[in-house]
């Protein structure tokens, strides 16, 4: 205990914000520059405000499919050339697709930035696909789905749970797509998504590393500046969730499941521009309930005070454009039924809401969140992702920079208040993932 | 236009391909060697400790002891039980990771400058005075057993376990470091104390540190941290050959996509031809989408999301392995293409262009590895554990550049043997059967 007190008084540092400069080009492209001069390296990221939740009905997976196709030929560049050039320059590159964004990045020596911009700007507008690209790359994404989803019972169960969680919002459809729709994706699907969304007024450029902001702006004007804005870019309106008024429960059965478990998700508010307090409180709630295997509510109740579970945890990520989820997982111990484990989980949450929060736990989490800002500065690529994900999810640079302070200001009462609003069974999906219904007998 | 820019970029590479870190070699007052990269712009330190031996030191019948022991180091030490220890660690905002591997155990610590004394005192207790409380053993053992049962239904794990057993038999490399349900169920508190005694010896430690700390401070820190560990260490196991011949082993498993793990014997890390082999692997299956296998299996035919190969020079054997996954009705074709590419590379080797491109990539990417305190600390300890000197960082690109086309093509013919390549396929592959 002496150690604990000493520690809390010691951690009195201030988390200095990273050096960030922002610009906007005349064609509407936003630019974020994060300086880190420790190593002569730069991360060049281009984010599009277009993800799987922006896809037209019937073509799920097209955002991710297009991400793959962007490595094919353009009017000026051979298929695979950009990746080859990155590699020949010692760099690494990749791309990613989420519900709300698609992003492309390269990590190279800082003096190669112009070359990266030249290629990335080129493929924003000049993609030339062949029928062969369409067929072979569709085979690749189907194998990717096989690898990530079809071969993984827990991934298949997550898909079923999300589909049940969202009554009206596109977040209920998997990012990689439903298999039967992926099989029908064609040239028109890919190009119509590309023509509409891959435009400078729908893009955010994040450059992080050993660069001067003015230089980045000049290069961006040179390479991205001439690309015209898309006049028909639609407003980003998705069908929103109605009030959820009925608990959903499902049993997912797959003989490949060796360890039965319970997964519960609740619909939960995300970080909104100028309104991040609920999301900050939910961040604490996840940590308090299940962020630590030793000091959180569920592990203490289910793994230490009683031998009910071998694992328990809680999850929340507030970075979405629309409502996200708050999740709980419990893996029962040998000989404990799923019903017994779920009852114990709910009892532990009930007790947490009744008894309130130990102020020492809030203090400890504040210290950890503050320290995590110091550690985060060691990974400039991570900082770049933080800005890219936020700016494509409806937040501003000011929101990103205010977030650490908002986290510090969260009170125990605010955590309990948001917990009572979010941890409501009528807004939840509970999944029992089992090898066979026989284990339920 | 684009070609022109590219030419300029290539000529720049040679000039800038130098890792810009300065490694200090220090010896602690009690005689432990350590490498340090000072970087004071962010107030924290990353420390990596690697102890040679690892799970190869599991005693007969005690498979999984080293792994369970490492998982229990964060579960209480000195005056603190598991929750007390973790509460103290969380309040310091320090991170300690304890990892068991085939050839070593490692400790990765990240902690703030301002409370480094408290963080190191806590880590010292975990390393030197672990409690192995029975309640903690029971709880963590249940987690390990749950993981072993899950692995038994995971196609990738099944493939790995099958290949290891066929290739290495009774040698420790022939079984998973987690142990079996039976061996883990039988482990006692005394077994864990013994595994701890065997795994942690100052005679076998390699220390890397990066961040906000001075050389003299680090020496004192190391002695405080490691003083109390034994300086003697048990014997290490014998070298073992990869005993599996060419062919195919099918492990039936109901799943839509077959997973294949394949390989044959490889090359030692300190072999004079290692860099040639390293370049061959880079071109054949090492470098992401750019490799020959990715081009033939994925880009041209759409048969897989990923295929890759890797040289695995362990302390007591050397293998050359690869992996691929394809739908059950397409895996046979994927494997046929891989076999053909293996044979082609063995027969004809690389082109000068491929060699040049691989060298440019490998020399250009090397400096980019030294990115962040934790990465640097890990690299520093890792280099020492494979017997490299600090000058390696400066000279490594010259070793790559010195490899000639004649070298790589001679080594390709020696290293790659399509007839000895064995595929373990887990799934319901169409048109594939276990060979005799």
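Please treat every number below as a calculation from the coordinates, not as lab data. Please read these numbers as outputs of a predicted model, since none were measured by experiment. Note: ideal-geometry Cβ built from the backbone for every residue, glycine included; neighbour counts use all protein chains shown.
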key: Label-point gap, in nm, between residue B:395 and residue B:414 - each point 7 angstrom along Cα→Cβ   = 2.0
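Once the piece of chain linking residue B:117 and residue B:182 is laid out straight, how much longer is it, given 0.36 nm per residue of separation minus the C-alpha distance between them?
Numbers: separation 65, 0.36 × 65 = 23.40 nm, distance 4.13 nm.
The residue B:117-residue B:182 span can extend by a further 19.3 nm.
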query = On average over all directions, what projected area in square nanometres does the stretch A:18-112 have, based on the convex hull of its Cα atoms?
reply = 7.9
key: Among B:102-111, B:367-376, the order from most to least packed when residues are scored by Cβ within 10 Å on average   = B:102-111, B:367-376
key: Helix axis angle, A:397-409 relative to chain A longest principal axis, alpha carbon, degrees   = 20
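Largest first and in whole Å, what are the equivalent-ellipsoid semi-axes of the stretch A:88-138 based on the Cα gyration tensor, each being the root of 5 times an eigenvalue?
Result for the stretch A:88-138: semi-axes of 23, 15, 12 Å.
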ask   = Relative to the longest principal Cα axis of chain B, at what angle does helix B:352-365 sit, 0 to 90 degrees, rounded to 10?
value = 20
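Counting partner chain Cβ atoms within 10 Å of every residue's Cβ in B:138-148, what's the average?
On the way: counts 1, 8, 1, 1, 8, 7, 1, 3, 9, 4, 1.
Mean inter-chain Cβ contacts per residue within 10 Å come to 4.
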request  = Give the distance, in whole Å, between the Cα centre of the stretch B:347-421 and the Cα centre of the stretch B:302-327.
outcome  = 17
task = Quantify how strongly other chains surround peptide B:200-209 by giving the mean number of their Cβ atoms within 10 Å of each of its Cβ atoms.
result = 0
key: chain B, relative contact order [Cα under 8 Å, separation at least 6], %   = 23
ask   = From a point 7 Å beyond the Cα of residue B:433 in the direction of its Cβ, which residues of the stretch B:223-256 have a backbone N at a distance under 20 Å?
value = B:245-254
ask   = Which length gain, in nm to one decimal place, applies between residue A:413 and residue A:334 when the Cα-Cα distance is subtracted from 0.36 nm times their residue separation?
value = 24.8 nm
task = Could you compute the FRET efficiency for residue B:189 and residue B:224, with r as their C-beta to C-beta distance and R0 at 30 Å, rounded to 0.05?
result = 0.65
inquiry  = Using the basic label-point model (7 angstrom from Cα toward the beta carbon), what is the residue A:363 to residue B:33 distance in nanometres?
reply    = 4.6
note = Between the Cα axis of helix B:2-16 and the main Cα principal axis of chain B, the angle (0 to 90°, nearest 10) is 40
message = Distances longer than 30 Å among the Cα atoms of chain B: what percent of all pairs is that?
response = 52
remark   = Computed from the beta carbon distance with a Förster radius of 41 Å, FRET efficiency for residue A:167 and residue B:232 to the nearest 0.05 stands at 0.05
key: Length added when fully stretched, residue A:439-residue A:94, from 0.36 nm per residue minus Cα-Cα   = 120.0 nm
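Relative contact order for the stretch A:66-148: what is it in percent, counting Cα pairs under 8 Å that are at least 6 residues apart? Write down the numbers at each step before the final one.
Working: 75 pairs, mean separation 28.0, N = 83.
It rounds to 34 percent for the stretch A:66-148.
Could you tell me what a quarter of the Cα convex hull surface of the protein assembly as shown works out to, in nm² with one decimal place? Please report the intermediate quantities before stating the final value.
Details: hull surface 137.0 nm².
Its average projected convex-hull area is 34.2 nm².
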request  = Take the alpha carbon atoms of the stretch A:330-369, find their center, do the same for the stretch A:187-223, and report the distance between the two centers in whole angstrom.
outcome  = 44
ask   = In the stretch B:322-428, if every C-alpha pair distance is counted and binned at 10 Å from zero, what percent goes to each bin?
value = 12, 28, 28, 27, 5, 0
ask   = Based solely on its DSSP helices, what 222 nm [θ] is calculated for the protein assembly as shown when runs of n ≥ 4 H residues each add -39,500 (n - 2.57) and the sum is averaged over all residues, nearest 500 deg cm²/dmol?
value = -12500 deg cm²/dmol
ask   = When N is the residue count of the stretch A:297-441, what does its C-alpha Rg come to as a fraction of 2.2 N^0.38 Å?
value = 1.26
message = Report the Cα centroid-to-centroid distance between the stretch A:281-321 and the stretch B:175-203 in angstrom, as an integer.
response = 29
ask   = How many partner chain Cβ atoms sit within 10 Å of a residue's Cβ in peptide B:40-47, on average, as a whole number?
value = 3
request  = Evaluate the distance, in nm, between pseudo-label points positioned 7 Å from the Cα of residue B:217 and of residue A:421 along their respective Cα→Cβ axes.
outcome  = 4.4
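How do the peptides B:222-228, A:266-272, A:236-242, B:22-28 rank, highest first, by the average count of neighbouring beta carbon atoms within 10 Å per residue? Can you show the working numbers first?
Numbers: B:222-228: 18.1, A:266-272: 22.4, A:236-242: 11.7, B:22-28: 15.6.
Answer by packing, highest mean first, reads A:266-272, B:222-228, B:22-28, A:236-242.
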